[in-house]
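Trainee: I have a structure here, written as structure tokens, and I will follow up with some questions on it.
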Number of protein chains: 2
Amino acid sequence: MPDISQAPKTFPAPKDQSLRDLADCIRFLSMDAVQQAKSGHPGMPMGMADIAAVLFSEFLKFDAADPYWFDRDRFVISNGHGSMLLYSLLYLTGYKDMTIDQIKRFRQIDSRTAGHPEYRHATGIETTTGPLGQGIANSVGLALGERIMNASFGDNLVNHHTYVFLGDGCLMEGISHEAISLAGHLKLGKLIAFWDDNSISIDGATSLAESDDHPARFRAANWHVQQIDGHDTDAIRAAIIEAQKVTDRPSMIACKTIIGFGFPTRAGTQKAHSDAPGEDEIAGARKILGWTSPPFEIPEALLNDWRKIGAKGGPARMAWAVRVQTASPDKRDDFERRMNGELPSGWRAAIAAAKQELSGSEKDLATRQASGIVLNHLFDAIPELLGGSADLTPSNNTKAKNQVEIKPGEYGGSYLHYGVREHGMAATMNGLALHGGLIPYGGTFLTFSDYCRPAIRLAAIMEVRSIFVMTHDSIGLGEDGPTHQPIEHLSALRAIPQLAVYRPGDPIETAECWEAIMDAPRQAALIALSRQPMPLLRGDPSDENRSARGAYVLQEAEGGARQLTILASGSELHLAVEARSVLQDEGIRTAVVSMPCRLLFEKQDAAYKKSVLGASRARVAVEAAVQDSWDRYLGLDGVFVGMHEFGASGKIDDVYKKFDITTDAVIRAGREVAGESKPSVASRSP
Amino acid sequence: MPDISQAPKTFPAPKDQSLRDLADCIRFLSMDAVQQAKSGHPGMPMGMADIAAVLFSEFLKFDAADPYWFDRDRFVISNGHGSMLLYSLLYLTGYKDMTIDQIKRFRQIDSRTAGHPEYRHATGIETTTGPLGQGIANSVGLALGERIMNASFGDNLVNHHTYVFLGDGCLMEGISHEAISLAGHLKLGKLIAFWDDNSISIDGATSLAESDDHPARFRAANWHVQQIDGHDTDAIRAAIIEAQKVTDRPSMIACKTIIGFGFPTRAGTQKAHSDAPGEDEIAGARKILGWTSPPFEIPEALLNDWRKIGAKGGPARMAWAVRVQTASPDKRDDFERRMNGELPSGWRAAIAAAKQELSGSEKDLATRQASGIVLNHLFDAIPELLGGSADLTPSNNTKAKNQVEIKPGEYGGSYLHYGVREHGMAATMNGLALHGGLIPYGGTFLTFSDYCRPAIRLAAIMEVRSIFVMTHDSIGLGEDGPTHQPIEHLSALRAIPQLAVYRPGDPIETAECWEAIMDAPRQAALIALSRQPMPLLRGDPSDENRSARGAYVLQEAEGGARQLTILASGSELHLAVEARSVLQDEGIRTAVVSMPCRLLFEKQDAAYKKSVLGASRARVAVEAAVQDSWDRYLGLDGVFVGMHEFGASGKIDDVYKKFDITTDAVIRAGREVAGESKPSVASRSP
């Protein structure tokens, strides 16, 4: 690795010593914490400290005493490896849970100060960042959420900025393109991004890998762009004032900075990016910056200044609270309900009405169609439902009939054309969910869950209710062929901890799954829906929500103790039902278990689980996908009917036949495991 | 959905009737095929037909009689839903396997003409496209591969262009940013892209979702940009000539086109994008374009013209073959070897030397370090190994000590700084592998396999040897915390059909896995490697390659028949070994099975599998990840020691302890399943 040294000979003198002092508090806390942890990333906090000092002391609307103040400005570090910048700011401004002890325990087990900022680990962390580019896309959602809530509730109640720090890595990631393109299109004037233009990444100078003119790129996406010296506090102030004035475009402020500002030898080089700097480097920085306090100690006067900054938003917050209380009662109640994440009282009746409509359908419906019908009812009852699709609206059935489109500069609607930007959509949805007051759902094909998987994972980690609506959920999509047919996706998604993957098996189950989603405000959810129609298997719309337990006995064995259990989900559930009928006639006492959501089933108590799965080890599972997520129920004796390879292009029926996912295959498998014929070695696990 | 009609009143008259006639052959074959299939996408082929006619008749270097001619120009449609454009061209120019019958069987089961172009389904399909944006990134790899091979073998043997068609959707996808940024940085002057600027996507006008100035965006990424009327054949010709002249930048030609050019009512609207147009629309197009042939029939004169185009490259190909034969024998042999994908004779000795070095190490090595040592040896033996990393070179240990970096305009090296562009890297690697003559591998952290998963999937579908080197493969990465700790990734990756996921358990296994990768030219591979050191468990470097069978008995039970089997992989393998020692002492006859690659194990015969897994159902699996991919071996009686939730930030040992993935936990699990203590309900599958 060549040593691409850009170490400055000297550091620029401060324009304003008091701001430099504030910034140095961040620098030394960051250095000390990384050094103590022997792990972490000092370069970014030291490079962006001056920007943070100006932003927090002069612009950011917040009150450390009330981290959840709804109308606070949102502050995100997309370059999340610089977590010590954020933790320093939270400690300095006086967030109660961010103590100096937490700073000292940076990156230690069970501290609040994880290596990267983790949402819910401490107050003031607006989102989980670290995987690069996610934060800028979350910020688009936060800024969009603000505008949408503003359109409903007005400037008096909702009127704040979203500020985001981002690094070279964020800008190299593809998701940054999707995010900035969407933000520019939607004219999110209250979104202000600060690019830490330090020309360094882990491998060395960014010039090793890129030559982009990022300011030109942002202008091409309809952003307002300024370029400044990121250590010149006058320039930082002026740029923020200018950016705030621009209301029809998001703003990007390219801040030329020195990574590891203050380090005597590492500053300006990739060595400043990560790892403990060592005592010598810290000693040098102390000398250069004139810092005399012991490690982890902030001079009292400076800490007082910072604490005042943390408290200065108090009056504004109280004035806002008065405005909320003096708003018209209807508006106030609605606003408070939405801030608190409570659903309007009529929503469960909407589910009932949807079930009624679905059970009355004269023709078979695809679950994506059923979902569309549910959404028609739900949206009328829950106005905070915010729909969208990554350019597959007519296929995903995501647009409720009364939803109005959001357009650039017009935020009064409830439906977004996200464009062909699955990753940007999912991360924007996370930002919308994090903002509060909105329940985002967005559609694409299930196979493209791969395109947005990093953001789906973050929804699960953060436990926010982003609802991913994924249609065309198997080889049943037919002619589009192998690239468009999800095979491994259901198992791969079910493997993500804390993600509820629903795959309803008929229209009524579809409504039940939506009900379960709406019942769980802290549950990231994905609902997999079929392209092709399927029969109604649950006739009674007044039935309890059986899908909410994850799995249930759809049909119990008849004529005595259960001999065989067929497990199924989604569009294969009716194959199980048809096979059971034949097997029962043959004298094999067979139950059908529908499992629309493995995660919810795993949460049930042992007795319930046992009652569903039955005592017999003769089990068959059928799903037009790989078997991995079913293996734990099949055991060594079960047989799986499903996919063992990639799909094929052809008519739906031809494709199912080609891969032998048919009623007949389920019957054969049932006979085999129930002992009616000898097990064949080929189809069994060893 | 609003009907955003941009239907033109009239279509522009042809500049050159004979070129228009050639283009109309594509248009009507595409219309007829989509209509017959009642499925597909006619809009793109009809819109881009004029561009294709000029490109194929006047510029593209190819010979339909020899689709594998190494020095052919590469032609990719990144907007793969327009597959009928490609199939039409292959049929018209006379590729032997693309018969009119195949065109008639478009999108039918087991035809060569799948919904989207599938590599290996027919000759002339350079890559599998459909998931948007992949094709442009593959093209970057194809164009880069050409330059790298050119640097080794000179203009006489390697000197061709890469042409790629792409659509609005490709440009919205984030991967397009990574791809064009990398291509611009690397100055890939022989890459020429045609943007089908038709302003339409599935939801309607692209203005619903984007406002980007794409030409400005490409310029910001150092591309040469032209903007033309995509139906003006003179302009198309002039633009290609100009683009070819620019050698220090890739070229983008923005072609303003009318989607569904020729349709009387659907042209210029989203209705032209997909679905069968209907007989009326086709009849109208016939009238407008003056087409009188029956469906699927091309007038003889036109077919002759097209067949001449398909054959015109013959003399150039033969001249090239002569140049190959008359090259210096060393060069020729090396070139032919690399074209044929054969490895140099010395490579297996390099593996042996690596094993020797690894087994002699005085300290424990992380498998990422072991991998780095293997690569040092392998690269010296296999010069076509082309390394790289997505800005994690020092962490991934991907740069062999003798590898020289590739730089903008300097292609004589063997190592790429891909930047923080995991998705672009993986798709570029696929293009490099498809080009031939090179074996690409590239590194990132395992958790970021999510960022490039769509391209990993395509490597598996296409069965090309892209080698994904994924380090920091568990909670063992420690302090970076939940976002950076892969939990579900191993199971999620193993679920992908045809992808060999390796996770070696010690340095010797690491060498064995690399050997298995090098032995399988048509196998997409991912190797998961630890951050943390682990003991050497396989002392004898002269041992046969046991990892090549996917799983094997590392230690058999002693003292009688096996009672208990512990399965493990990677950094947890030594926990199994330590636990076995205790359990054997306690009188539980215990075997340890190492399973570095499930896919390879599943391919073994039943007898081998049985011998490895043993007859006893008392099984424990240990892996610092979720259990899903182990469930099929655990059955209903086994116990899993591993992760059941997201990870945590902390020191490695603290993290392992927190989640109880320890030798002691394996011992407890072993006692439990071997019947020494009563099974606890909580830790068992129901």
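The values are calculated or read from the model by the stated rules, or taken from the named source; none is laboratory data. None of the values given here were measured: they were computed from a predicted structure. A quick note on method: Cβ atoms are made from the backbone with ideal geometry, for glycine too, and the neighbour counts reach across all protein chains shown. Areas reflect the complete protein model, heavy atoms only, side chains present, ligands, DNA and RNA absent. Shrake-Rupley method; radii C 1.70, N 1.55, O 1.52, S 1.80 Å.
Trainee: Test each condition in (1) part of a helix (DSSP H, G or I); (2) surrounded by fewer than 17 Cβ atoms within 10 Å (Cβ to Cβ) for B:V324 and report the one that comes out false.
Mentor: With respect to (1) part of a helix (DSSP H, G or I); (2) surrounded by fewer than 17 Cβ atoms within 10 Å (Cβ to Cβ), B:V324 is out only on (2).
Trainee: I want to confirm something. Restricting to the stretch A:97-111 and keeping residues that are open to solvent by less than 60 Å² (accessible area, probe 1.4 Å) and outside any loop (DSSP other than H, G, I, E, B), which single residue is farthest from the other protein chains (Cβ to nearest Cβ)?
Mentor: A:I100
Trainee: I've got another one for you. So which of B:A193, B:A179 is in a helix (DSSP H, G or I) and more than 7 Å from every other protein chain (Cβ to nearest Cβ)?
Mentor: Of B:A193, B:A179, the one residue that is in a helix (DSSP H, G or I) and more than 7 Å from every other protein chain (Cβ to nearest Cβ) is B:A179.
Trainee: So the check is Cβ under 6 Å with 6+ separation or different chains; which pairs have a first residue in the stretch A:413-438 that's more than 13 Å from A:G145 (Cβ to Cβ) and a second one that's among the aromatic types (F, W, Y)?
Mentor: The qualifying pairs are A:E422/A:F448; A:E422/A:Y451; A:H423/A:Y451; A:M425/A:Y418.
Trainee: In addition: Given the conditions (1) of a type in the set (G, A, S); (2) open to solvent by less than 10 Å² (accessible area, probe 1.4 Å); (3) farther than 29 Å from B:I180 by Cβ, which single one is not true for A:G230?
Mentor: (3)
Trainee: Checking A:A114 against (1) surrounded by fewer than 24 Cβ atoms within 10 Å (Cβ to Cβ); (2) of a type outside the set (D, E, K, R); (3) assigned to a loop (DSSP other than H, G, I, E, B), which test does it fail?
Mentor: (1) is the only condition that A:A114 fails.
Trainee: Just to be sure before I move on: is B:A238 more than 13 Å from chain A (Cβ to nearest Cβ), more than 27 Å from B:A137 (Cβ to Cβ), assigned to a helix (DSSP H, G or I) and in contact (Cβ under 8 Å) with a residue 24 or more places away in the chain in the structure I sent?
Mentor: no
Trainee: Same structure again: Report, by residue number, each residue of the stretch B:579-627 that is open to solvent by less than 10 Å² (accessible area, probe 1.4 Å) and acidic (D, E).
Mentor: Answer for the stretch B:579-627, where residues must be open to solvent by less than 10 Å² (accessible area, probe 1.4 Å) and acidic (D, E): just B:E623.
Trainee: Would you say A:I253 is under 29 Å from A:E178 (Cβ atoms), in contact (Cβ under 8 Å) with a residue 60 or more places away in the chain and open to solvent by 20 Å² or more (accessible area, probe 1.4 Å)?
Mentor: No: the conditions fail for A:I253.
Trainee: Any residue that is closer than 20 Å to A:V582 by Cα and over 35 Å from the mean Cα position of the chain (by Cα) - is there at least one of those in the stretch A:641-656?
Mentor: no
Trainee: Continuing with the same structure: Would you pick out the residues in the stretch A:268-304 that are surrounded by 12 or more Cβ atoms within 10 Å (Cβ to Cβ), without any contact (Cβ under 8 Å) to a residue 60 or more places away in the chain and assigned to a loop (DSSP other than H, G, I, E, B)?
Mentor: The answer is A:E297, A:P299.
Trainee: Would it be correct to say that B:Y451 is open to solvent by less than 10 Å² (accessible area, probe 1.4 Å), more than 17 Å from B:E126 (Cβ to Cβ) and not assigned by TED's automatic domain parsing to the domain that holds B:H177?
Mentor: no
Trainee: In the list B:G476, B:G443, which residue meets the criterion of being within 21 Å of B:Q369 (Cβ to Cβ), outside any helix (DSSP H, G or I) and small (G, A, S)?
Mentor: None of the others qualify; the one that does is B:G443.
Trainee: Mind checking which residues of the stretch B:469-494 are facing another protein chain (nearest Cβ under 7 Å), farther than 27 Å from B:L416 by Cα and open to solvent by less than 10 Å² (accessible area, probe 1.4 Å)?
Mentor: If the condition is that a residue be facing another protein chain (nearest Cβ under 7 Å), farther than 27 Å from B:L416 by Cα and open to solvent by less than 10 Å² (accessible area, probe 1.4 Å), then B:G481, B:P482, B:I487, B:E488, B:S491, B:A492 are the ones that fit.
Trainee: Name the single residue, out of those in the stretch A:608-630 being within 7 Å of chain B (Cβ to nearest Cβ) and more than 19 Å from A:D660 (Cβ to Cβ), that is nearest to the chain's Cα centre (by Cα).
Mentor: A:S629
Trainee: Just give me the residues in the stretch A:51-96 being closer than 24 Å to A:S176 by Cα and part of a helix (DSSP H, G or I), in sequence order.
Mentor: Within the stretch A:51-96, A:I51, A:A52, A:L55, A:G80, A:H81, A:G82, A:S83, A:M84, A:L85, A:L86 qualify.
Trainee: Could I ask something else about it? Is it the case that B:E126 is open to solvent by 10 Å² or more (accessible area, probe 1.4 Å), touching a Phe, Trp or Tyr at 6+ places or on another chain (Cβ under 9 Å), acidic (D, E) and at pLDDT 95 or above?
Mentor: yes
Trainee: For the stretch B:411-423, enumerate the residues that are more than 7 Å from chain A (Cβ to nearest Cβ) and not in a loop (DSSP other than H, G, I, E, B).
Mentor: Listed by number, the residues that qualify are B:Y415, B:L416, B:E422.
Trainee: Filter the stretch A:380-402 down to residues that are assigned to a loop (DSSP other than H, G, I, E, B), under 29 Å from B:S39 (Cα atoms) and in contact with a Phe, Trp or Tyr (Cβ under 9 Å, 6 or more places away or on another chain), then give me how many there are.
Mentor: 7
Trainee: Please enumerate the residues belonging to the stretch A:546-567 that are under 11 Å from A:I508 (Cα atoms) and either in contact (Cβ under 8 Å) with a residue 60 or more places away in the chain or surrounded by 18 or more Cβ atoms within 10 Å (Cβ to Cβ) (or both).
Mentor: Scanning the stretch A:546-567 gives a single hit, A:S547.
Trainee: Right, here's the next one. Got a sec? Which of A:A37, A:A65 is over 24 Å from A:D232 (Cα atoms), in the same structural domain as A:F263 (by TED's automatic domain parsing), touching a residue at least 24 places away in the same chain (Cβ under 8 Å) and open to solvent by 10 Å² or more (accessible area, probe 1.4 Å)?
Mentor: A:A65
Trainee: Evaluate the stretch B:381-396: report whether one residue or more is within 28 Å of A:K271 (Cα to Cα), within 14 Å of chain A (Cβ to nearest Cβ) and among the aliphatic types (A, V, I, L, M).
Mentor: Yes, some residue in the stretch B:381-396 is within 28 Å of A:K271 (Cα to Cα), within 14 Å of chain A (Cβ to nearest Cβ) and among the aliphatic types (A, V, I, L, M).
Trainee: Still on this structure, I have one more. Go through the stretch B:182-195 and give me each residue that's under 10 Å from B:N222 (Cα atoms) and open to solvent by 10 Å² or more (accessible area, probe 1.4 Å).
Mentor: B:K187 - this is the single residue of the stretch B:182-195 that is under 10 Å from B:N222 (Cα atoms) and open to solvent by 10 Å² or more (accessible area, probe 1.4 Å).
Trainee: Here is a follow-up. Given (1) within 14 Å of chain B (Cβ to nearest Cβ); (2) farther than 19 Å from A:V553 by Cβ; (3) in contact with a strand residue (DSSP E or B) (Cβ under 6 Å, 6 or more places away or on another chain), where does A:A665 come up short, assuming only one miss?
Mentor: (1)
Trainee: Also, I was wondering about something else. Looking only at the stretch A:499-517, decide whether some residue is charged (D, E, K, R) and either open to solvent by 40 Å² or more (accessible area, probe 1.4 Å) or within 14 Å of chain B (Cβ to nearest Cβ) (or both).
Mentor: Checked against the condition, which is being charged (D, E, K, R) and either open to solvent by 40 Å² or more (accessible area, probe 1.4 Å) or within 14 Å of chain B (Cβ to nearest Cβ) (or both), the stretch A:499-517 yields no hits at all.
Trainee: Here's another thing I want to ask about it. Collect the residues in the stretch A:362-372 that are open to solvent by less than 30 Å² (accessible area, probe 1.4 Å), assigned to a helix (DSSP H, G or I) and farther than 27 Å from A:L182 by Cα, keeping them in residue-number order.
Mentor: Selection gives A:T367, A:A370.
Trainee: If you go through the stretch B:196-222, how many residues are small (G, A, S), open to solvent by 10 Å² or more (accessible area, probe 1.4 Å) and more than 7 Å from chain A (Cβ to nearest Cβ)?
Mentor: Within the stretch B:196-222, residues that are small (G, A, S), open to solvent by 10 Å² or more (accessible area, probe 1.4 Å) and more than 7 Å from chain A (Cβ to nearest Cβ) number 2.
Trainee: Looking at B:H185 and the list (1) in contact (Cβ under 8 Å) with a residue 12 or more places away in the chain; (2) of a type outside the set (G, A, S); (3) more than 14 Å from every other protein chain (Cβ to nearest Cβ), which single condition is not satisfied?
Mentor: Going through the list (1) in contact (Cβ under 8 Å) with a residue 12 or more places away in the chain; (2) of a type outside the set (G, A, S); (3) more than 14 Å from every other protein chain (Cβ to nearest Cβ), B:H185 breaks only (3).
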